[in-house]
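Working notes, beginning with the structure itself.
The values are calculated or read from the model by the stated rules, or taken from the named source; none is laboratory data. Quantities reported herein were computed from a predicted structural model and do not represent experimental measurements. Cβ sites come from the backbone with ideal geometry, for glycine too, and all protein chains shown count toward neighbours. For accessibility, only protein heavy atoms count, side chains too; no ligands or nucleic acids. Shrake-Rupley method; radii C 1.70, N 1.55, O 1.52, S 1.80 Å.
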Amino acid sequence: MSVKCNRKPNTSGKPVFVTQDPAMKHLYKKVRLVARSRAPVFIAGESGTGKEVLARLLHYHSTRSNQPFVALNCGALPEDIVESELFGHEKGSFTGALDRKKGCFEQSDGGVLFLDEVGEMSPQIQVKLLRAVEQKNFRRVGGTEEVHTDVQIISATNRNITEMMSSGNFRDDLYYRLSVIELYIPPLRERPGDIPLLCEFFLNKYADEYGLPVKEFSAKSIKLLMDYNWPGNVRELCNVVERCAIMCDEKIIKSFYLPGPVGGSGMTSLNFKNGKNGHGNQKFVQIPVGTSMENAERLIINQTLSHTENNISKAARILGVSRNTLHNKLSKFGEQQ
């Protein structure tokens with residue numbers, strides 16, 4: 001069996017939901033039902049499973065599909081910035097606040113606000129979010145005026161929210177407000193039958209994005225990909241397929257091109273001690289022989305972000321650069337795509 005990149009790019013604007021797994025098909029049916037309501041939705045699942053994709057599907061199928069969809073990763077921002085990002089701020093409310101700024105609640109008025117990694121919010125922000133959800137009113141930072149918005153909130157976390165509530169790190173009342181409807185995305189290791197389809201989709205995506213010729217994974221490569229545990233879930237699989245699509249100069253992507261953890265043998269390893277973020281173990285970034293310096297840097301940054309579950313502060317510490325430097329590099333990569 002081989003998986004070939006032969007599908008046309010998606011141009012419909014509909015978020016792509018690639019699956020043949022019964023549990024995932026049932027989840028999609030739930031999304032279609034839930035999308036009819038304006039109830040808050042809470043999405044649980046491991047990092048990299050596709051929680052934002054599911055949130056965008058909910059928005060696409062809802063009556064608010066023509067209104068804004070705004071996403072905020074609560075775990076990627078310093079605590080003192082989250083409040084301003086959520087609720088906005090008034091001119092002069094703090095150093096650097098040169099103008100009034102609308103926050104995510106105002107930007108998504110009439111539409112959907114997706115709060116990713118909501119479990120990373122501080123207790124102080126949780127209190128203010130609870131008030132905004134209950135009363136549908138809030139004040140900008142430094143403001144006195146009550147601002148009203150009509151927003152459907154979809155929130156997500158990869159943390160065990162039950163344990164967080166038990167330990168007092170997440171408010172019970174906020175959770176109950178956010179989880180009128182709760183959806184769970186199973187990890188990729190529980191649905192290996194989706195791996196060939198996802199490989200095909202990502203091969204097609206990167207062939208189109210980078211102007212590459214059509215390629216296909218060998219039968220042995222597919223078996224290795226399906227046997228791997230995928231701790232980083234779909235995000236990790238996406239990175240592996242992108243790397244293979246770029247680095248393989250043959251029509252057939254043989255197992256040689258797969259990174260070592262998946263079972264391949266053709267990659268050299270750049271290793272670094274990961275003690276700076278407190279884990280104390282060793283991790284490896286797989287760099288194919290012949291990779292350009294620019295692509296090597298991209299791979300190192302992407303894999304470090306995957307390891308830290310997209311926590312930019314932790315990734316910056318591991319890489320030995322400032323948050324601003326890492327943000328600038330990520331912006332540069334985005335512009336090149």
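Across Asp116, Asp99, Asp227, mean-square fluctuation computed from a Gaussian network of the chain (C-alpha pairs under 10 Å connected) peaks at Asp99. When the accessible area of the chain is split by element with a 1.4 Å probe, what percent falls to carbon and sulfur? Accessible surface attributable to carbon and sulfur in the chain totals 49 percent.
Cross-link check: pairs Lys205/Lys254; Lys29/Lys51; Lys14/Lys220; Lys14/Lys128 evaluated at a Cα-Cα cut-off of 26 Å; pairs beyond the cut-off: Lys14/Lys220; Lys14/Lys128.
Mind pulling the angle between the C-alpha long axis of helix 323-336 and the longest principal axis of the chain? Nearest 10 degrees, somewhere in 0 to 90. Between the helix axis and the principal axis of the chain, the angle is about 60 degrees. Remark: the stretch 72-84, residue by residue, has Karplus-estimated 3J(HN,Hα) of 10, 8, 6, x, 9, 10, x, 4, 6, 9, 4, 4, 5 Hz, where x stands for each Gly or Pro and the curve is 6.51 cos²θ - 1.76 cosθ + 1.60 at θ = phi - 60°.
Taking every protein chain into account, the accessible area of the stretch 1-155 amounts to 50 square angstrom per residue (probe 1.4 Å).
By DSSP, the beta bridges lying fully in the chain are antiparallel in about 40 percent of cases. Sequence-distant contacts, meaning Cα pairs under 8 Å at least 6 residues apart, place the relative contact order of the stretch 158-234 at 32 percent.
Based on C-alpha pairs under 8 angstrom that are at least 6 apart in sequence, the chain has a relative contact order of 20 percent.
Near Arg140: Cβ cut-off under 9 Å, other residues only, Lys/Arg at +1 and Asp/Glu at -1. The net charge is +1.
Springs between Cα atoms under 10 Å define the GNM used for the chain, and in it the highest mean-square fluctuation of Glu242, Glu250, Glu83 occurs at Glu250. Using a Gaussian network model of the chain in which every pair of alpha carbons under 10 angstrom is joined by a spring, one finds that among Ala44, Ala97, Ala55 the greatest mean-square fluctuation is at Ala97. A simple packing score, the average count of other Cβ atoms within 10 Å per residue, orders the peptides 125-137, 28-40 as 125-137, 28-40, with the highest score first. Working note: 222 nm ellipticity from helices only, DSSP H runs with n ≥ 4, each -39,500 (n - 2.57), summed and divided by the residues of the chain, gives -12500 deg cm²/dmol to the nearest 500.
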